[in-house]
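Notes to accompany the following structure.
Since every read-out is calculated from the coordinates, none of them should be taken as a lab result. Since this is a predicted model, take the numbers as computed values, not measurements. Positions of Cβ are backbone-derived with ideal geometry, glycine not excepted, and every protein chain shown enters the neighbour counts.
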Amino acid sequence: MTESTIRWDQDADGVVTLTLDDPSSSANTMNDAYVASMGETVDRLEREKESVRGVVLTSAKKTFFAGGDLGSLIRATPERSEEVLAQVTLVKRQLRRLETLGIPVASAINGSALGGGLEIALATHHRVVLDDPKVKLGFPEVTLGLLPGGGGIVRSVRLLGLTTALLELLLQGQQLRPEKALKLGLVHETAADRDELLAKARAWVLASETAQQPYDVKGYKVPGGTPSSPSLASSLPAFPANLTKQLKGAPYPAPHAILAAAVESLQVDVDTAFVVEGRYFVDLVIGQISTNMIQALWFDLNTVNGGASRPEVAETFRATTVGVLGAGMMGAGIAHAFATVGVDVVLKDVSAEAAEKGKAHVAGLVGTQVSRGRMTQESADAFLARITPTGDAADLAGCDVIVEAVFEDQALKHRVLGEAEANALPDALLASNTSTLPITGLAEGVRRPADVVGMHFFSPVEKMPLVELIVGERTSEEALARAYDVVRQIGKTPIVVQDSRGFFTSRVFGTLVLEGAALLAEGLAPMSVERAALQVGFPAGPLTLLDEVTLTLPLKIRDEAAKAGASDDHPGVAVLRALVERGRTGRSAGKGFFDWEPEKRVWPELTQLFPPSDVVPFRDAQERLLFAMAVETARCVEEKVLNSVEDANIGSILGIGFPPLYGGVLQYVDQYAGGVAGFVARADELADAYGERFRPPAILIERAVPAGSLRTALAGRGASS
Ligand code: NAI
């Protein structure tokens, strides 16, 4: 017998407080124990109905309820679809019984209620939420390739209206603060603290004369109408097209399923609507895309953030004063990241004036927060006071971490790192934000090479969640562990890679953008190149990306590699050179593949330079972009630049835009039709047709056996091995 996850306490007035408190976990989820407990609870309420004045539903955890049990959802396969449908139907039936008992039920939402948690709350008649900025309410299912299948769609469209529910809640998985939830009408009241929360919920129960959901009251009108009301009927046909446009054609099934379930659910009665919602849910949950997204964005991300690649050598380190060298675009962003979590920053540039400019950039970011009401002027002032701009290296005294972000020049980096080493604390971590220079070489410029580590941020720093940590030949495990802790301290996600040209992210990103350029050279029209990428889920097309990062950057990396003896016959390189020769270096110059002023449009002469010819089938074009990245990543694994599947998947999604729907660049290989063997066969086809760069490396061929996967191949290979 599993222990109940719901406690029952009845007071003298007959009000029953149900406390969600899963004894097996720090958060409540919709696991089997919950389903059993909720079943028993509703049975008892039905039995003892006469003596129950009302119900207050709350939780004993920090959050109200965390949502679905992802461990079991990820295991849902097509063979198990009936079982999954039965389970989700049972969950809904229990909640339906709760809301139709004839007893007033209020929820006292003491913490975040996401996914299944919000579904439970919506099945109560009255919702009071704790007014704490940490509390979030919403349906993030869509971000994992799922939909709220426990009644979340059916109830939210009825309560908020179709358009509001879709746009404010369902389609993008927004997580709302209490005040926004109140404004939307998702909750009825807020409370300042836990006592008030329970008191308000209880007071509502005692005062209530009704125990019905609005949509169960005869004559209820759904806000904004149903699909048969003329106003909605006329706008509805545009919804699917708008959604496709919003997704830029990316093949995510969940948003389309949510839209369909929402519309259809309003054309039928509540109970039939639950069936409709349940069937769409099952379709998604047994599909490959939700499996990929749950694996990557939940399990792999937790593994990475949980320290799997952190050497187990030192106590958790916390930076107190960070010296940032170089107050340019990256340095200012890095200073901002540290100040955000309360760390003091010494921002050093060639002169105090140059450093002030970097601080002014941070002030701009903070000012936006203030003007949007997200930060008070007082905290903005305190924030900026943490950053000390300077032109004097002596001010680095007392720094326990140095992050270097000066121009990309080895001699200069040697000089500034050496100078910082001499002034900072004697054991300060010496990190470099270089995007291309090998860390082992940079470490030659200091007396303590074991303390040098690559700490590669992405631009813009305040938005990008990833940091790539690079282990040089002489980097110590302690230094890597400290670097890892520092990245976690600023709330970002650290992946660990070994030193090599382009590291992991820049190298694999390079194969994507060069492949895009090669497609152009082979006759694919510029916008077709872009669409090929968007329609497999990349957030932007490769030509746009090239313009954004500037065309000279990948060329510089190739040139450096060529100097080091690497052969370079990628057909995309000539395309980049052709544009650079014509002064078209990218967006910062106002012109690259696109003219960026007055508005973005394809450079008209591009099609003369590379006449479109339609020889590359569109599917090949799409797969070439994905395969180019996956094959190069496999090479990184083979060369031990990468030692963890999770780091590869998360790094590719968070750092270089690999489509999340495939669960990251190595999961793409594992989940390819036919598994690794299927991937290898297709890679060989692409290699025969388009070039040896697609030829699968040995590590893939070895795994091209039934049930072979890269995930199992790398299991246990530690980051520092
Ligand atoms: P930037 O040109 O905006 O800034 C460089 C700053 O370094 C300038 O403010 C310059 O005055 C300062 N500087 C030069 N010599 C100095 C010295 N002796 N002492 C102190 N400061 C000095 O360059 P950005 O884009 O910020 O890049 C900096 C580093 O970050 C480079 O290594 C770059 O490769 C790397 N990086 C750049 C990314 C990007 O997207 N721009 C992404 C990731 C890494």
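A few notes on this one:
- Of the GluC sites (Glu not before Pro) found in the stretch 632-700, those in coil by DSSP whose Cβ has at most 14 other Cβ atoms within 10 Å are E639.
- Values of log10 I(q)/I(0), in the order q = 0.24, 0.30 Å⁻¹, for the stretch 454-495 under a Debye, Cα-only, solvent-free model: -0.76, -1.04
- A P(r) calculated from all alpha carbon pairs of the stretch 321-499, with 10 Å bins opening at zero, reads 11, 42, 36, 10, 2 percent.
- For the chain, the longest principal axis of the C-alpha atoms and the axis of helix 552-563 are separated by about 50°.
- Across the stretch 22-30, computed HN-Hα scalar couplings (Karplus, 6.51 cos²θ - 1.76 cosθ + 1.60, θ = phi - 60°) run 5, x, 8, 7, 7, 9, 7, 9, 7 Hz from first to last residue, x flagging Gly and Pro.
- Within the shell defined by Cβ-Cβ distances under 11 Å, the residues around P426 carry a net charge of -2, with Lys and Arg each +1 and Asp and Glu each -1.
- Degrees, to the nearest 10: 270-285 long Cα axis against longest axis of the chain: 30
- Local charge for I258 was computed over the other residues whose Cβ lies under 10 Å away, with Lys and Arg +1 and Asp and Glu -1, and equals -2.
- For the stretch 272-302 and the stretch 385-455, distance of Cα centres in Å: 46
- Dipole moment magnitude, nearest 20 debye, the stretch 506-714 about Cα centre, only Lys, Arg, Asp, Glu C-beta charged: 260
- Value of Rg/Rh across the stretch 59-195 [Cα atoms, Kirkwood radius]: 0.96
- 27 Å Cα-Cα threshold exceeded, pairs from K359/K600; K248/K591; K348/K591; K136/K492; K348/K463: K359/K600; K348/K591
- Qualifying lysines (Cα of each under 21 Å from Cα of K49; at least 8 residues distant if same chain): K92
- Pairwise Cα distances in the chain exceed 35 Å in 52 percent of cases.
- Taking amide hydrogens as placed 1.01 Å from N in the peptide plane, the amide H of T493 sits under 5 Å from those of L466, V467, each at least 5 positions away in sequence or on another chain.
- Along principal axes, Cα extents of the stretch 506-714, largest first, whole Å: 52, 36, 29
- With the convex hull of its Cα atoms as the shape, the stretch 6-286 has an orientation-averaged projected area of 14.4 nm².
- Residue-count net charge about A314 - beta-carbon cut-off 12 Å; Lys, Arg +1, Asp, Glu -1: -3
- Backbone phi angles across the stretch 483-497, fed through the Karplus curve with coefficients 6.51, -1.76 and 1.60 (θ = phi - 60°), yield HN-Hα couplings of 4, 4, 5, 5, 5, 5, 4, 8, x, 9, 9, x, 10, 10, 9 Hz in residue order; Gly and Pro are listed as x.
- In Å, descending, principal axis extents of the Cα set of the stretch 267-352: 69, 36, 21
- Alpha-carbon centroids, the stretch 50-77 and the stretch 514-570: separation in whole Å: 48
- Rounded tilt (10° steps) of 675-690 against the dominant C-alpha axis of the chain: 40
- Only beta bridges with both residues in the chain are counted; by DSSP, about 25 percent of them are antiparallel.
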